[in-house]
1. Can you work out the PRE-style zone for D81? Point 7 Å along Cα to Cβ, and I want the residues of segment 25-55 with backbone N under 20 Å.
2. If I ignore ligands, DNA and RNA and count only protein heavy atoms, how much of T273 is accessible to a 1.4 Å probe, in Å² to the nearest 10?
3. What 222 nm value per residue comes from the helices of the chain, counting each DSSP H run with n ≥ 4 as -39,500 (n - 2.57) and dividing by all residues, nearest 500 deg cm²/dmol?
4. Collect residues whose amide H, placed 1.01 Å from N in the peptide plane, falls under 5 Å from the amide H of L79; neighbours closer than 5 in sequence don't count.
5. Per residue, how many Å² of accessible area does the chain show with a 1.4 Å probe?
6. Could you give the nm distance between label points at D219 and A159, where each point is 7 Å from its Cα heading toward the beta carbon?
7. Taking the chain as the reference, fit the longest principal axis to its C-alpha atoms, fit the long axis of helix 203-215 to the helix C-alpha atoms, and give the angle between the two in degrees, 0 to 90, nearest 10.
8. Any idea what the relative contact order of the chain is, in percent, if you count C-alpha pairs under 8 Å spaced at least 6 apart?
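The values are calculated or read from the model by the stated rules, or taken from the named source; none is laboratory data. None of the values given here were measured: they were computed from a predicted structure. Positions of Cβ are backbone-derived with ideal geometry, glycine not excepted, and every protein chain shown enters the neighbour counts. Accessible surface is based on the protein model in full, side chains and every heavy atom, while ligands, DNA and RNA are left aside. Shrake-Rupley method; radii C 1.70, N 1.55, O 1.52, S 1.80 Å.
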Amino acid sequence: MYAAVVTSFDAPPHYSEHPEPVAQASEEVVVEVLAAGLHPRVRSQAAGSHYSSAGELPLVPGIDGVVRDPKGRIRYTILDDTVLGTMAERTVIDLRRSVVLPEGIDPVQVAAAVNPVMSSWVALRRRVHFGRRKRVLVLGATGNAGRMAIQVAKRFGAAHVIAAGRDTARLAELRALGADETCTFDELSRAADVDVVIDYVWGEPTARAMEDMLTARTDRSAPLTWIEIGSVAGPTAPIPSAALRSTRLKIVGSGIGSVPGRDFVKELPKLATAVARGAFDVRARAVPLAEVEQVWAATAGLTDRVVLVP
Ligand SMILES: NC(=O)c1ccc[n+]([C@@H]2O[C@H](COP(=O)([O-])OP(=O)(O)OC[C@H]3O[C@@H](n4cnc5c(N)ncnc54)[C@H](OP(=O)(O)O)[C@@H]3O)[C@@H](O)[C@H]2O)c1
């Protein structure tokens, strides 16, 4: 079969022949891949830089996707850490980490959307007690995951969602997705009184945001949960110690590890069905898998989520 194959962590994957997959365990089956998203996590997997990377090569990237199982059913699947991902004509899945999708769904839309939707869906379900009528700030709201976080927070009953980003043209589109307010990183004192922050940015901008927001908070004893989900601006952030003493700030993370794999899987049926039914505004760009090498570099930073189609 053909697959996207990484042979060096310094170079993009290339389209080449790869041995046929073989199922090893009783819950495993070989499936035909219909669509696999090129998420930031997949880029870091292929660069060997994700915290879960074991440094093994060669590697077929792809952490999730839409597949056809041997009985002809269409499924969304998440893969465990593996060197045989979804960017291939066929792969092996564990049926317990997949969900059957409704008839007639668009595989590209689903493959584009589930990963970015899941980031905030799982965080709000599993890392915070998210009662109704909460005020939420999405930090880094202009990317795929940030755009979905606005919609997920509203779906879960948020009273007010503030979307913050650095690109004012992209920010201007976010009210149409449900944002009540938008602001740049320099205007975050306006978001001082939120209950929950969904943070995709980290690095210097987050450290500055914390300082600006916490000093402007009306009631410093009101709980604020800061959920760290992505780190597009840097892996470390110099958080001032006073931030944790002077306000009721709690910093938590959400990702594989802080949320057990089984909890991600538990959220899948409702989440994937909502995506498949068109509950979220999805921007997807289908690209043939054969063009993986060219598309890898050319589309970094694109608003649309690239989805590779074997
Ligand atoms: N933990 C989880 O469960 C989970 C799941 C999914 C994603 N994530 C993580 O969440 C992050 C975002 O994912 P995504 O799918 O939204 O990616 P994306 O669609 O590529 O969007 C990334 C966004 O980051 C912004 N950005 C890039 N560099 C920046 C910087 N230096 N300062 C401020 N903003 C910057 C860009 O904003 P502009 O519009 O200004 O260019 C862009 O819109 C990634 O780190 C990803 O790995 C985590």
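1. Within reach of a label on D81, which here means backbone N under 20 Å from a point 7 Å along Cα→Cβ, segment 25-55 contributes 25, 39-55.
2. Its accessible surface works out to 40 Å², give or take rounding.
3. Numbers: 8 runs with 85 residues, N = 310.
Using -39500 (n - 2.57) per qualifying helix, the result is -8000 deg cm²/dmol.
4. Amide H neighbours of L79: D64.
5. Details: 13730 Å² over 310 residues.
Counting only protein heavy atoms, the per-residue value for the chain is 44 Å².
6. It is 1.0 nm.
7. Helix 203-215 sits at roughly 30 degrees to that axis.
8. Values: 675 pairs, mean separation 59.7, N = 310.
Here the relative contact order equals 19 percent.
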